[in-house]
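The structure appears below as structure tokens.
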Amino acid sequence: MNINELKLNLIPTLENWVKHLDVSMKAQGKEFNDSFGFGNYVLINKLENHFVIEIIGFQKINQNPKFVIEDKPNNYDLNFFINGGLKYDSYNGLEPIFKTENSNNHQKLVNIGHLLLSVAKIDNIVDVLFEDASMYESSIIKECCELPFHFLEDTTNIFLNNISIISQVNEIYSFRRHSATIIIEKSISVIDFNSLLNKIFDCSTFDFKKLNGCKLKHQLISELKSLAYQKVDETAIDKFIQLISDQFANSLGYKSAKSNIRLEIQDSTSKSTEKKYLMPDFMMEKEDGFYDILDLKLGLLNSNFAYGDWTNTHFSSYATKLIGQLNGYKRYFSDPENSKWAFENHSISIKDPKLIGIAGNHNNFDRKIVDKALEGNTKEFHLISYNELAVLLKQ
């Protein structure tokens, strides 16, 4: 099955499932609470031998569900992609909590749901999980294991429903959430894929215990944290936050957030090799109508965001690049012609803007060190980690 066939069969099934839930609930004289819903962002990860379909984001159960669908190449091992955490040269021989040795039948479904798996120390689970563990029917904690899941090369037809995974290797923590994740071999036929979808999203019945893929709205926070602990590109994080832009803006104290505004450079003397426009991730509208500037980076970094102690601190090259980009966006508005164009075309104007950068997670972003490195520039810059953003969203 190719990627186009996958999309053509997947989206109608998801639409019918959400409609079915809405109709079935109303037939009982009830309605779903607005805090209960289904994902709206379908991310298809194209691994070497598998398609891994993640359904994240949130929309209320309704008769007109909408889905944003993207597919991205991903050259990572299936075990690394699903578990997160440390990437091993080989996963064979590692001790997992959950083995999928018999998950190779294209006609069957392996449904794993409502489970918290951890190979971290139990004392630290709550801080990493960032939500109430009672939301899961069962918790399996095995500090002696290296992996939560172990998948074989021929693994297929697995549905992970409301699964959270916590790993710890050499004091480095990882968090991975699967609200609704479908794992299939690329060799699966369209007929078998449709059969699988109908088993997961069974519209022939209505059972409160089998509302597959559904979630509570506040679990978006865990999905965001998960993106900050895994190998994704910035566009996936950007797209996810666009889908929760109102909550995102409010959590940071703003009226609204405008995403990916194209700011065309009006300098006619620029060389043809120079940029013709800039595109910050978000322009954040303040109550007074002026805007601040925000850019998103990765959560999973190859090094610390900033280094040092109270005597000597400095930013990493990655952080320095982020600061440089933010300064570049501010510099754009220092040109009167650029400012005029931005206001006339997007109703955007700035006045002493705050430059906001979001990057890193609690493994690589130390608040005290970052503040020390920013000393003297805290009024202009606001740098936070995705863990800190999660705290603001939760509030």
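The values are calculated or read from the model by the stated rules, or taken from the named source; none is laboratory data. Given the structure is predicted, the values throughout are model-derived calculations rather than measurements. Glycine also receives a Cβ, built like all others from the backbone with ideal geometry; neighbour counts cover every protein chain displayed. Protein only, heavy atoms only, side chains kept; ligands, DNA and RNA dropped before computing areas. Shrake-Rupley method; radii C 1.70, N 1.55, O 1.52, S 1.80 Å.
Quick rundown of the values:
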{"quantity": "Residues within segment 10-35 that are over 29 Å from residue 51 (Cβ atoms) and touching a helix residue (DSSP H, G or I) at 6+ places or on another chain (Cβ under 7 Å), tallied", "calculated": "3"}
{"quantity": "Residue selected from segment 345-368 under the condition part of a helix (DSSP H, G or I) and at pLDDT below 95, by the criterion nearest to residue 225 (Cα to Cα)", "calculated": "367"}
{"quantity": "Unmet requirement for residue 142, which otherwise passes all of (1) within 15 Å of residue 100 (Cβ to Cβ); (2) over 23 Å from the mean Cα position of the chain (by Cα)", "calculated": "(1)"}
{"quantity": "Positions within segment 166-188 being over 30 Å from residue 4 (Cβ atoms), assigned to a strand (DSSP E or B) and either acidic (Asp, Glu) or in contact with a helix residue (DSSP H, G or I) (Cβ under 6 Å, 6 or more places away or on another chain) (or both), in sequence order", "calculated": "166, 173, 175"}
{"quantity": "From the options 385, 316, 349, residue that is small (Gly, Ala, Ser), within 24 Å of residue 233 (Cβ to Cβ) and touching a residue at least 60 places away in the same chain (Cβ under 8 Å)", "calculated": "385"}
{"quantity": "Residue 275 within 23 Å of the chain's Cα centre (by Cα) and among the basic types (Lys, Arg)", "calculated": "no"}
{"quantity": "Residue count, segment 303-328 (criterion: within 13 Å of residue 371 (Cβ to Cβ) and of a type in the set (Phe, Trp, Tyr))", "calculated": "3"}
{"quantity": "Selection within segment 160-213 - among the β-branched types (Val, Ile, Thr), touching a residue at least 40 places away in the same chain (Cβ under 8 Å) and closer than 22 Å to residue 104 by Cα", "calculated": "163, 181, 182, 183, 184, 188, 190, 200"}
{"quantity": "Test result for residue 343, within 24 Å of residue 249 (Cβ to Cβ) and loosely packed, with under 14 Cβ neighbours inside 10 Å", "calculated": "yes"}
{"quantity": "Selected residue (criterion: nearest to residue 159 (Cα to Cα)) from residues of segment 38-75 that are of a type in the set (D, E, K, R) and open to solvent by 20 Å² or more (accessible area, probe 1.4 Å)", "calculated": "46"}
{"quantity": "Conditions (1) surrounded by fewer than 19 Cβ atoms within 10 Å (Cβ to Cβ); (2) closer than 26 Å to residue 261 by Cβ; (3) in contact with a strand residue (DSSP E or B) (Cβ under 9 Å, 6 or more places away or on another chain); number of the one not met by residue 356", "calculated": "(1)"}
{"quantity": "Residue in segment 76-114 that is most open to solvent (accessible area, probe 1.4 Å), counting only those that are among the charged types (D, E, K, R) and over 25 Å from residue 234 (Cβ atoms)", "calculated": "89"}
{"quantity": "Cross-chain or 6+ apart pairs with Cβ under 6 Å, segment 285-300 first and among the basic types (Lys, Arg), then crowded, with 21+ Cβ neighbours inside 10 Å", "calculated": "297/322; 297/359"}
{"quantity": "Cβ pairs under 6 Å, 6+ apart, first in segment 214-228 and outside any helix (DSSP H, G or I), second open to solvent by 10 Å² or more (accessible area, probe 1.4 Å) and among the hydroxyl-bearing types (Ser, Thr, Tyr)", "calculated": "216/35"}
{"quantity": "Given (1) closer than 25 Å to residue 258 by Cβ; (2) buried (at least 20 other Cβ atoms within 10 Å of the Cβ); (3) not β-branched (Val, Ile, Thr), index of the condition residue 365 fails", "calculated": "(1)"}
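For (1) buried (at least 16 other Cβ atoms within 10 Å of the Cβ); (2) of a type in the set (Phe, Trp, Tyr); (3) under 21 Å from residue 379 (Cα atoms), each residue gets a yes or a no:
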residue: 260; (1), (2), (3): no, no, no
residue: 291; (1), (2), (3): yes, yes, yes
residue: 299; (1), (2), (3): yes, no, no
residue: 303; (1), (2), (3): no, no, no
residue: 309; (1), (2), (3): no, no, no
